[in-house]
1. Quick one: which helices (runs of 4 or more DSSP H) sit completely within the range 316-356 and have at least 3 residues that are open to solvent by 10 Å² or more (accessible area, probe 1.4 Å)?
2. Given the criteria surrounded by 24 or more Cβ atoms within 10 Å (Cβ to Cβ) and either modelled with pLDDT of 95 or more or in a loop (DSSP other than H, G, I, E, B) (or both), does residue 440 qualify?
3. Working carefully through the options 252, 182, find the one that is of a type in the set (Lys, Arg), at pLDDT below 95 and open to solvent by 10 Å² or more (accessible area, probe 1.4 Å).
4. Which residues, counting only those in the range 443-457, are at pLDDT 95 or above and either β-branched (Val, Ile, Thr) or in contact with an Asp or Glu (Cβ under 6 Å, 6 or more places away or on another chain) (or both)?
5. Right, residue 508: assigned to a strand (DSSP E or B), within 19 Å of residue 321 (Cα to Cα), in contact (Cβ under 8 Å) with a residue 24 or more places away in the chain and under 24 Å from the mean Cα position of the chain (by Cα) or not?
6. Six or more apart or on different chains, Cβ atoms under 6 Å: show the pairs whose first residue is in the range 339-362 and closer than 18 Å to residue 396 by Cα and touching a residue at least 40 places away in the same chain (Cβ under 8 Å) and whose second is of a type in the set (Gly, Ala, Ser) and open to solvent by 20 Å² or more (accessible area, probe 1.4 Å).
7. Could you list, in sequence order, the residues of the range 458-472 that are more than 23 Å from the chain's Cα centre (by Cα) and either modelled with pLDDT of 95 or more or on the phi < 0 side of the Ramachandran plot (or both)?
8. Could you say which residue among 173, 204 is of a type outside the set (Gly, Ala, Ser) and in contact with a Gly (Cβ under 7 Å, 6 or more places away or on another chain)?
Amino acid sequence: MRAYAAPYPKDVWGPRRARIIAVGLALIFTVIVGRSAYVAFNGPDRSAVPVAAVEAVRRADIVDRRGELLATTVEGTSLAVDPSAIWDSRDVVAGIRTVFPDLREDALTAMMADKKRQFAWVKRGLDEEQIKALKELGVEGLMFVSEPQRRYPGGSLAGHVLGYTSIDGDGLEGIERVYDDRLKQGGEALQLTLDASVQFVVEEELTRAFADFDMKGGAGIVIDAHTGAVRAIASWPQIDPRLRGEEGDDARTNRALNARMELGSIYKPLTVAAALEAGALQTADTFDVSKPVKIGAVTVRDQHPLARVSGKTATAEDILAESSNIGTALIAQRMGVDQQKAFLGKVGLLAGHGGEGPQWASPLIPQRWDETAMATVAYGHGISVSPLAFAMTYAPFANGGEYVPPAFLEPVDPDKVKRSRVMSKRTADAVLGMMRTTVTQGSGKLANANGYEVAGKTGTAEKPTPDGYDPDRNITSFAAVFPASRPQFVVLVVLDEAQPRTGEQRTAAYTAASIAGKVIVRAAPLLDVQPVLEATATRGIAPVARTSGEADAQ
């Protein structure tokens, strides 16, 4: 039988190619499955996460002067999705919104629809309950990513001064922003001069003030007058750093640093000190305060008679104790415009803070500083400054006449504090004695914290509007030094539109003075200030007998 040759040569490589292709496909499938399983259980590769989402170095902690933790960084968990791994986005979206109902359905749906993406953030910073609820959903495509997250153990404590970071760990406000570069380097904690216990007292008393006075806002400050160390600085309403400013613009405003206010009669001790330093005033000089006085274009009046004054004349001590606008304007007139401006410049009220640490708002000063401005500035109108800027002006009364800038970071070396002499020790002591009388016998009686020798001054200022000053809207304040016989601390309380709920007057004598007294009596033991018998007060200044029927003043 004839054999026929095969029409084509035998294909010996066909089976081999098929096996190679099959093995290759199997390897690719294995890699894909393995990678999917890894991502499902461990989250995406860090290379797939945006660089901003992960900090290479753990952000440093922030602590108070005693080491109490105020801000820290912990390893937290955030939620992401892999849209390419989601078959039915409707179930995933619906499930996520049962845990986070505030997330928009249309935005989530659009995110899931992009099948080219393998990673997208859904919610950063989950708590344990949210993680548990998400895992119980049983839907595909969810990823739990471990990343550093900023935490504030005290909640709203010192919220304004601490500030907050972005979700990616960048400082946005407060200390977190001012010292952002330092904190990003990690390492040792950033230690503040704040005392968390004193800060708590100030914030709690401001909150109680709202309950008593129905106020719009407030600020409270405690300063070590010898070093400038800020022991407490609070703004009300409080903010919670964890909310990253979601409370709204009014709450976000740090009133202690960034609000500019006309603070009223707490300027009067500065006017007296400036005149004493200029040689234009002696402590025994007297002034006729019986009738209004015209200075420049303004007629200066007192809203009440001076109960301490016998006859028509008043000393500088009487003028401060009874908060006489007339007397203060007459003292300023003796001194003159140039010397007034020079003194206020020395104590830091005519410029912003250019030193280290948080900055305060630049002041609003009279465009034309003539005799009219001189008279009104003398008793705290026509010039707007931040509460912190003003608080620093009382430090010279407590430390013998030297201005010191505020300090926010420990350690504070007293030998390295930048000091500038703004008044003599004699002037500082004399005005401090007058302010002590203001508390014991004048308008500041409600601030008289027994045992702590408070010396201070009340201030009530009508708020300016485009149509002039509004008599129904006040800024009330009380500035103090304590203890008067061995002064160490400055306290300032400022209340914005504090309206007593029980019908008392809206002056500082009833509002800010009472809050300042409560702050001092609670904060003094925390600052290691020992109470003394009142008979030992106050630095050689003889008390002035109180006249019956004495009226409370501004």
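The values are calculated or read from the model by the stated rules, or taken from the named source; none is laboratory data. As the structure is a computational prediction, the values presented were derived from the model and not from experiment. Cβ: placed from backbone, ideal geometry, glycine included. Neighbour counts: every protein chain shown. Remember, those area values only see protein heavy atoms, side chains included, never the ligands or the DNA or RNA. Shrake-Rupley method; radii C 1.70, N 1.55, O 1.52, S 1.80 Å.
1. Fully inside the range 316-356 and qualifying: 325-335, 337-346.
2. no
3. 252
4. Passing the criteria: only 454.
5. Criteria not met by residue 508.
6. Qualifying pairs under 6 Å: 339/278.
7. Scanning the range 458-472 gives 462, 464, 465, 466, 467, 469, 470, 471, 472.
8. On inspection, the qualifying residue turns out to be 173.
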